[in-house]
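The values are calculated or read from the model by the stated rules, or taken from the named source; none is laboratory data. Keep in mind it's a predicted model, so treat the numbers as computed, not measured. Using ideal geometry, Cβ is built from the backbone for each residue, glycine included, and neighbour counts are taken over all protein chains shown.
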Amino acid sequence: MDCGDYIEKYLSAHADGELSAAELRAAEEHLAGCVNCRARFAEERAVKASLREGATMRTTPPMVRGSILAALDAVDAADASGAVRRGDRSADDDRARWFGIRRARVWIPVAVAAVAVFAIVMLHGGGPAPAHAVPPFDIAIESYAQFVGHFEPNVKSTSPADISDAYLEHQLPGFLWNFQPRGYKLIGGRLDRLRDGSPVSYTFYRGDTGTILCTYTKSHGLQPPEGEIQEIDGHHIYLYKGYSICLSYPPGGFICILVSQRPTKEFVQDVAAVAP
């Protein structure tokens, strides 16, 4: 699959969570090796999620409607005054003939701007996104993007008990989320270290509807950032840079971050169904 095929045939359905299992695997394999399409996918999800999660209005805001009408009136006035200055006897005929075309030329960019403003208004209506970058979220997303095409466990077992024991031996939380009732398979576990030397564990889950990565690492004093969409028994849900994220705090000064490309509504259902 090349970028053109992905953008034309997969991008929109991928962002909506509507790909089949085979299509999803193909799309995720492409994203794993294409930073440009990952960015396009994140943007697509962010816009759609903003419209879906934050929609609080059903009509165009007066501010936007007024700007559109004012822009159209200004073009009409410019057309008329231009015809008079040219001394064109057929000004009225010209204006009538070109009126629709000129309106269309202005309407298209104005409408695009209106949609953009409308999306921003709806996003704000659904609660603020984190005002600043959240480095642990960025690290988890970077890892997810790396693993989504190919996850290579280094814990030599797919048994939940063995993976849990390996995490505990490295002084990390041993709790493993059980997403099996939601149709996910535990692919395996991985132990590693972050750039600052902190230990981290990665547990990867794959299902027909998507994938989830769970990371455990030290909290380093991280408090829940502003902009959460929902809280489920201490699990904080975010839409961050187009990804669905769950942040929670296991005992011992750790954080657990779940990352997925699943639409936030479905992701919340997954978390709520199996949350401890």
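Looking at segment 240-260 only, could you name the residues that are under 19 Å from residue 43 (Cα atoms), modelled with pLDDT of 95 or more and of a type outside the set (Ser, Thr, Tyr)? Residues satisfying the conditions are 245, 259.
Only one of the numbered conditions (1) buried (at least 20 other Cβ atoms within 10 Å of the Cβ); (2) closer than 19 Å to residue 182 by Cβ is not met by residue 242, and that is (2). Residues in segment 250-266 include at least one that is closer than 21 Å to residue 163 by Cβ and among the hydroxyl-bearing types (Ser, Thr, Tyr). Set side by side, the residues 26, 46 differ, and just one is at negative phi, aliphatic (A, V, I, L, M) and at pLDDT below 80, which is 46.
Determine if segment 11-23 includes at least one residue that is within 16 Å of residue 142 (Cα to Cα), modelled with pLDDT of 80 or more and either loosely packed, with under 15 Cβ neighbours inside 10 Å or among the small types (Gly, Ala, Ser) (or both).
So far as segment 11-23 goes, no, none of its residues is within 16 Å of residue 142 (Cα to Cα), modelled with pLDDT of 80 or more and either loosely packed, with under 15 Cβ neighbours inside 10 Å or among the small types (Gly, Ala, Ser) (or both).
Just one of the numbered conditions (1) surrounded by 14 or more Cβ atoms within 10 Å (Cβ to Cβ); (2) of a type in the set (A, V, I, L, M); (3) not in a strand (DSSP E or B) is not true of residue 168: (1).
Here residue 224 meets each of (1) modelled with pLDDT under 95; (2) surrounded by 19 or more Cβ atoms within 10 Å (Cβ to Cβ); (3) within 23 Å of residue 252 (Cβ to Cβ) with one exception, condition (2).
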